[in-house]
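**Q** Shown below is the structure under consideration.
The values are calculated or read from the model by the stated rules, or taken from the named source; none is laboratory data. All figures in this text were calculated on a predicted structure; none of them were measured in a lab. No Cβ is skipped: glycine too gets one built from the backbone with ideal geometry, and neighbour counts run over all protein chains shown. Just the protein is used for accessible areas: all its heavy atoms, side chains included, with ligands, DNA and RNA removed. Shrake-Rupley method; radii C 1.70, N 1.55, O 1.52, S 1.80 Å.
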Amino acid sequence: MGARIIVGSSNKKILKQLSHFLNENGYNVVGETTDGYDILRRIHTVYPDLCIMDFNMKGINGHDVSEVLVADNVCPIITIIGSSQLQYFTNLKHEPIFSLLIKPINKDSLINTIDLLVKTSRSITKLRKEVSTLKKKQEDKQIINQAKQLLLENNGLTEEEAHRKIQKLSMNKGISKRIVAIDIINKYK
């Protein structure tokens, strides 16, 4: 199944044409709306893979919606604009999850932009998870090393003995070495 996309435009005819085009090309349109506030609500409810919207939306325009979505980092955004609206987007044009398409839209450019943004967004999400995992591992290592140091100083253990003690307590209690290390740190502080 293709990317899940929410579509927004104040023009209902364009909205239907765009949704139909996306469905024909293997994408899954999970929402359509003519209102900027409604698109924000839907995006924060459905969490689509992509949002495609027109600059001209009821309630709140495509620029303001784009700024909110980039700040919240919910999903990538394609905003469709007229060339006269380009100046509104100077602050967003370097964002990796944001793209502008100027009317009239070339269908191949739209498909390529969708695929690129979805792929980029997934890569960024994967990298953020990897960074988060590495940070947690590094924090765990620092906490365990701090606990080992306290065991060395207070119990006269070697580093290897301190490490084994933390491992053994972890296995015996069925808890992580990090929690054992935190208990040791709290005990000696």
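**Q** Just grab the label-to-label distance for N73 and E153, each label 7 Å out from Cα along the Cβ direction, in nm (one decimal).
**A** Each label point is offset 7 Å from its Cα along the Cβ direction, giving 3.6 nm.
**Q** How charged is the neighbourhood of Q85? Take every other residue with its Cβ under 13 Å from the Cβ of Q85, and add Lys/Arg as +1 and Asp/Glu as -1.
**A** Details: positive: K93, K103; negative: D54, D64.
Once positives and negatives cancel, what remains is 0.
**Q** Carbon and sulfur atoms: what percent of the 1.4 Å accessible area of the stretch 111-189 do they account for?
**A** Details: 3000 of 5720 Å².
Ligands and nucleic acids excluded, carbon and sulfur reach 53 percent.
**Q** Given the DSSP H assignment, sum -39500 (n - 2.57) over each helix run of at least 4 residues in the chain and divide by its residue total; what's the result at 222 nm in deg cm²/dmol, nearest 500?
**A** Values: 6 runs with 111 residues, N = 189.
Only helices count here, giving -20000 deg cm²/dmol.
**Q** Per residue, how many Å² of accessible area does the chain show with a 1.4 Å probe? List each step's numbers first, then the result.
**A** Working: 11130 Å² over 189 residues.
Spelled out: the 1.4 Å probe surface of the chain, per residue, equals 59 Å².
**Q** Given 10 Å bins starting at zero, what is the percent of C-alpha pairs of the stretch 49-110 in each, up to the one with the largest pair distance?
**A** 22, 60, 18, 0
**Q** On a 0 to 90° scale, report how tilted helix 159-173 is relative to the longest principal axis of the chain, with both axes built from alpha carbons and the result rounded to the nearest 10.
**A** Between the helix axis and the principal axis of the chain, the angle is about 70 degrees.
**Q** Moving on to the next point. What's the Cα-based Rg to Rh of the chain, Rh via Kirkwood? List each step's numbers first, then the result.
**A** Working: Rg = 25.3 Å, Rh = 19.7 Å.
In the chain, Rg relative to Rh is 1.28.
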